[in-house]
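FYI, it's all coordinate maths here, none of it is from the lab. Here the structure is a predicted model, which is why all the values come from computation and not from measurement. Heads up, the Cβs are rebuilt from the backbone with ideal geometry, glycines too, and the neighbour counts pull from every protein chain shown.
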């Protein structure tokens, strides 16, 4: 298999091509540095993303409070995580840093508030 | 309940006619098809008070223009509407065009226009130094002015309501029947009964007339596109600058507005769709080409917005005013294109005279108060007035629209006013919130919040201008 | 009338950092005037992460970045007035402001820091033909509706402009269940960060159409669709490439404009390219005692640089108030050479004893080029750059030693060598 990626390790944005099978990476080309190679490998084997959204607040001044995952979650679980986030209603008052959902969907990441409500 | 008069259409003609009717002991209803007043040509025109030299002598246009122009200043003072007697100039670019200027001068004299003079190139440039160098001369009309057309409509409606007129919105007349000397007007929202109808439905007045079987109103929709430029260039000219008129109208003008912006436009293009208020790439080009001809320094780079107005051009080239041949209790007020705004106060009197004469024993409303209570405008107030206003109502201390310096208090006033604002554009026209350089980027969402709070609804119920023009969908969570 | 040593206009990242720095430099009487209900400025609605990597060394969301400064302000006796709008600044530093509780406020300042931020370019400036339906809004307005009010401003979205706000909103709307049909970009390159193109568009299969713009909007009430078209090398739409796209929302992310109405009213000189004040290395404007920093001075790419710039302004204002600033500055204006659009600061006081960093932006994309700083025709530095893009701020440093060798007739040039 073959995939074209744009490296995001730095603003350069190198176009990288990765050849791989189900079990291994065969080649990484197009990168200008080691970081690019590492980025490309992770993108194929275990791509992750930070997730930010908001959570409904009950009894607060503001209707929603912003949240983030405290570590990246698997990219293919972003929409599943959104479903979880959308099903929650947190009681006011909410404090910045407060854990809203612990270990969301077993990813090891917590969903935490990023502002006071 | 049966009204004496139902005025259909709350444009400037309908609103001023309703106000004029409220001077008499008549039960009047002003029925508007949309969510607000001034939603047709009255909100999207040049805002010019024409002196009256354009129309052919002897026409209704000529007669009512000159009369309306003379009435405008006092009316605007009473209704607390911005008006400025800035004068107009029709500019010629050749000796041939100077001949047209002379014709216009003669026509103006025949129409009884005061304060007309023909200027030489030097006199013209001294008066307006930013005009093009190849001007040949101009016709100056000292009686011409500028007015805010939608504010006039809003103020007239408000004053009519204060004096007893009922205002009904979202009432699009779909059927009219007549029995025992009384009309029944039906819309999706219900029905109204009235002895007389004034058809001031603007672009739709031909359709309304057809509802009683009168097909004498023959209109062509003429699209006019405009740019509004930033206040930074609002003083490029002090007069309203016209070019020599053509068959399609008065051409592209460059004019200051009462709010301090510069207005350029309109184009003139006949179209089919009465609801088509889109702007076009060709229109933009035309405005650019012709506005720089008058004023080379005009640049659409300073544009803060553009808009389109539809004027209902009557095929016979004159206003259609008076009783229908089908039913004399149905009064036409159709084909009110330019100088319709200028003529409006005179048209209102003209129409009400017809109704009074027809009805016979109409008495004056002794409690009529033609003066609209002063509207607090933070931006125009002195520091002392501001401090005093905030002490009385703290909402005047909260600036919502930062570009135009509009306070929350003024927005609440606009919503609570008689026939007040129900949507974002309604607040904008009444207060100017969202009309500045950021065009509501910052204050738009705050206006939505204030509307929802004052009207007691959720913010996703609030629309831009009624109907399906909602701004928000469901909650995210 | 109130008296303060320092009045800071704006309580966003710039205003807060300037106030804190001035406090640290010994200024005791400081007031911050903020027009919104809370401190934090636009960061409050920027709930995505990516802030603070340079300044704090960690990746924060907008509210988190702001919260760090708000907490510091709260620990001081800096006076903060929110929901307060500055109406006017007079020639002698008298500030007129208004709010609900105090009514009209007159504040006499010794020095003023302008930190009002910027606004988004609206539709009117764009000449998009068509109807005035609802559903046409700037990306920032949409961001506020989604992130703060908790309402969806649209379900089927087209975004015009691929600056970072546009890209971020493409992802936000998608995650919240909307369908983002396409992001159009007038220029042949995106003004956004590569990371955002990958993680906000590519991740969700949202197409980015370069050299493409929206030429017409459709729909009489709510927006029903837009017509897009490719543009030629003069950025003019090509009629044969018109394409209709059904959508209920058009989001505009087409540029930011520093909000300098107050600045202009004082009569402060404005740079035509940045649309911000002309300043020296301490961010002092040509009106003594008035400083400017953050997006009101020039639109920044990262908030971290806003903070650093505001600290300079805060220090400059403190020096001015304490009488430590140079009474007889000797200014040399910088000049933009090949490929460079603007410089901030625009002028440098050569009596300054520290190194001076000059920020700039390039006018187009350069690959494998050099950034060259010349003083009096001598190359002071020449730095290789694999890539230079208009979306990213660059900088050069004039070392203190070079400054001390300069005279009033000296020249400073920053240019790109291809």
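Just the Kirkwood number for the range C:328-418, please: inverse of mean 1/r across all distinct Cα pairs, in Å, one decimal. Please list the in-between numbers first.
Values: mean 1/r = 0.0760 Å⁻¹.
With all distinct Cα pairs of the range C:328-418 included, I get 13.2 Å.
Let me have the 222 nm mean residue ellipticity of chain C computed from DSSP H runs of 4+ only, each contributing -39500 (n - 2.57), with the sum over all residues rounded to the nearest 500.
Working: 7 runs with 75 residues, N = 418.
Computed mean residue ellipticity for chain C: -5500 deg cm²/dmol.
Could you tell me the relative contact order of chain A? Use alpha-carbon pairs under 8 Å, at least six residues apart, and round to a whole percent. Write down the numbers at each step before the final one.
Values: 223 pairs, mean separation 22.6, N = 117.
Reported as a whole number, the value is 19 percent.
I need the calculated FRET efficiency for the pair residue B:74 and residue B:123, taking r as the beta carbon distance and R₀ as 22 Å, to the nearest 0.05. The partial results should precede the final answer.
Numbers: r = 30 Å, r/R0 = 1.37.
So, using R0 = 22 Å, E works out to roughly 0.15.
With a cut-off of 8 Å between alpha carbons and a minimum separation of six or more residues, what is the relative contact order of chain C in percent?
15 percent
Label points 7 Å out from Cα along the Cβ direction at residue C:246 and residue B:416: separation in nm?
4.6 nm
Using a 7 Å offset from Cα along Cα-Cβ at residue B:2, what residues in the range B:18-35 end up with backbone N under 16 Å from the label point?
Correct set: B:26-29.
For the range B:378-461, report the convex hull volume of the alpha-carbon atoms normalised per residue, in Å³, without decimals.
On the way: hull volume 7.4 nm³, N = 84.
It is 88 Å³ per residue.
Quick check on packing: order A:107-114, B:316-323, A:24-31 by the mean number of other C-beta atoms within 10 Å, highest mean leading. Mind dumping the intermediate values first?
Working: A:107-114: 20.8, B:316-323: 17.2, A:24-31: 13.8.
Listed from highest to lowest mean packing, they are A:107-114, B:316-323, A:24-31.
Write down the Å³ per residue value for the convex hull defined by the alpha carbon atoms of chain B. Don't skip to the answer; put the middle values down first.
Details: hull volume 73.9 nm³, N = 477.
That works out to 155 Å³ per residue.
How well do other chains shield peptide A:50-57, expressed as the mean number of their Cβ atoms within 10 Å of each residue Cβ?
On the way: counts 6, 3, 12, 9, 9, 2, 4, 2.
Averaged over the peptide's residues, the number is 6.
Please give the average number of partner chain Cβ atoms lying within 10 Å of the Cβ of each residue in B:265-277, rounded to a whole number.
Values: counts 0, 0, 0, 0, 0, 0, 0, 0, 1, 0, 3, 2, 5.
Average neighbour count from other chains, rounded to a whole number: 1.
Could you work out the relative contact order of the range A:52-113? I mean the mean sequence separation of Cα pairs under 8 Å and 6+ apart, divided by the number of residues, in percent.
Details: 102 pairs, mean separation 23.8, N = 62.
After rounding, I find 38 percent.
Counting partner chain Cβ atoms within 10 Å of every residue's Cβ in A:68-74, what's the average?
Values: counts 8, 1, 0, 0, 0, 0, 0.
Per-residue shielding by partner chains comes out at 1.
For the pair residue B:106 and residue A:2, how long in nm is the line joining their label points, each one 7 Å along Cα→Cβ?
About 8.3 nm, to one decimal.
What's the extension gain from residue C:79 to residue C:59 if we count 0.36 nm per residue and subtract their Cα-Cα distance? Display every interim value, and only then the final one.
Details: separation 20, 0.36 × 20 = 7.20 nm, distance 2.94 nm.
Length gained between residue C:79 and residue C:59: 4.3 nm.
Between the range C:151-216 and the range B:238-312, what is the separation of their alpha carbon centroids in Å?
Taking the Cα centre of the range B:238-312 as reference, the centre of the range C:151-216 is 33 Å away.
Rounded, prolate or oblate for the range C:4-119? Axes are the square roots of the Cα gyration tensor eigenvalues, ordered a ≥ b ≥ c, and the cut-off for rounded is a/c under 1.5. Intermediate values should be presented prior to the final figure.
Values: a/c = 2.18, a/b = 1.60, b/c = 1.36.
Note, shape of the range C:4-119 comes out prolate.
Can you compute the label reach from residue B:132? Point 7 Å from Cα along the Cβ direction, backbone N cut-off under 20 Å, restricted to the range B:271-287.
Under cut-off, by backbone N: B:282-287.
Using only DSSP helix segments of four residues or longer, with each worth -39500 (n - 2.57), what per-residue ellipticity at 222 nm results for chain B after dividing by its residue count and rounding to 500?
On the way: 12 runs with 147 residues, N = 477.
Helix contribution divided over all residues of chain B: -9500 deg cm²/dmol.
Roughly how many whole Å is it from the C-alpha centroid of the range B:193-223 to that of the range C:29-70?
The two parts, judged by their Cα centres, are 58 Å apart.
At R0 = 25 Å, how high is the FRET efficiency between residue C:341 and residue B:297 if r is their beta carbon distance? Nearest 0.05 is fine. Walk me through the intermediate numbers first.
Numbers: r = 25 Å, r/R0 = 0.99.
It comes out at approximately 0.50.
What is the helix-to-structure angle for C:62-75, meaning the angle in degrees between its Cα long axis and the longest Cα principal axis of chain C, kept from 0 to 90 and rounded to the nearest 10?
Between the helix axis and the principal axis of chain C, the angle is about 30 degrees.
Taking neighbour Cβ counts within 10 Å as the exposure measure, how do B:313, B:50 sort from fewest upward?
Numbers: B:313 20, B:50 29.
Result, fewest neighbours first: B:313, B:50.
I need the shape label for the range A:2-45. Rule: rounded when a/c is under 1.5, else prolate if a/b > b/c, else oblate, with a, b, c from the alpha carbon gyration tensor.
On the way: a/c = 2.15, a/b = 1.90, b/c = 1.13.
In terms of gyration-tensor shape, prolate.
Taking a temperature of 10 °C and a viscosity of 1.306 mPa s, what whole-number D in µm²/s does Stokes-Einstein yield for the range A:52-113 with Rh from Kirkwood over alpha carbon pairs?
Working: Rh = 11.6 Å.
Diffusion coefficient, whole number: 137 µm²/s.
Using 1/(1 + (r/R0)^6) with R0 = 51 angstrom and r between the beta carbons of residue C:370 and residue C:91, what's the FRET efficiency to the nearest 0.05? Each step should come with its number before you reach the end.
Working: r = 44 Å, r/R0 = 0.87.
Plugging the Cβ-Cβ distance into 1/(1 + (r/R0)^6) gives 0.70.
Could you state the number of Å between the C-alpha centres of the range A:65-99 and the range B:414-468?
About 33 Å separates the Cα centre of the range B:414-468 from the one of the range A:65-99.
Taking the Cα of residue B:393, stepping 7 Å toward and past its beta carbon, and measuring to each backbone N in the range B:359-375: which are under 20 Å?
B:371-375
Could you check the simple spin-label distance between residue B:367 and residue A:10, using points 7 Å along Cα→Cβ, in nm with one decimal?
Once both label points are built, they end up 8.2 nm from each other.
If I take all pairs of Cα atoms in chain C, what percentage of them are more than 29 Å from each other? Walk me through the numbers before you get to the answer.
Details: 42549 of 87153 pairs.
Every Cα pair in chain C considered, those over 29 Å come to 49 percent.
Counting only DSSP beta bridges with both residues in chain C, tell me the antiparallel percent, nearest 5.
Details: 55 of 92 bridges.
Here the antiparallel bridges make up roughly 60 percent for chain C.
Pairwise over distinct Cα atoms, reciprocal of the mean inverse distance: report the Kirkwood radius of the protein assembly as shown in Å, one decimal place.
Kirkwood hydrodynamic radius for the protein assembly as shown: 31.1 Å.
Going by C-beta contacts inside 10 Å, put B:401, A:7, B:216 in order with the fewest on the left.
Numbers: B:401 27, A:7 24, B:216 14.
Fewest-to-most Cβ neighbours within 10 Å comes out as B:216, A:7, B:401.
What is the Cα radius of gyration of the range C:122-254 over 2.2 N^0.38 Å, N being its residue count? The partial results should precede the final answer.
Numbers: Rg = 13.6 Å, N = 133, 2.2 N^0.38 = 14.1 Å.
Compared with the compact-globule rule of thumb, the range C:122-254 sits at 0.96.
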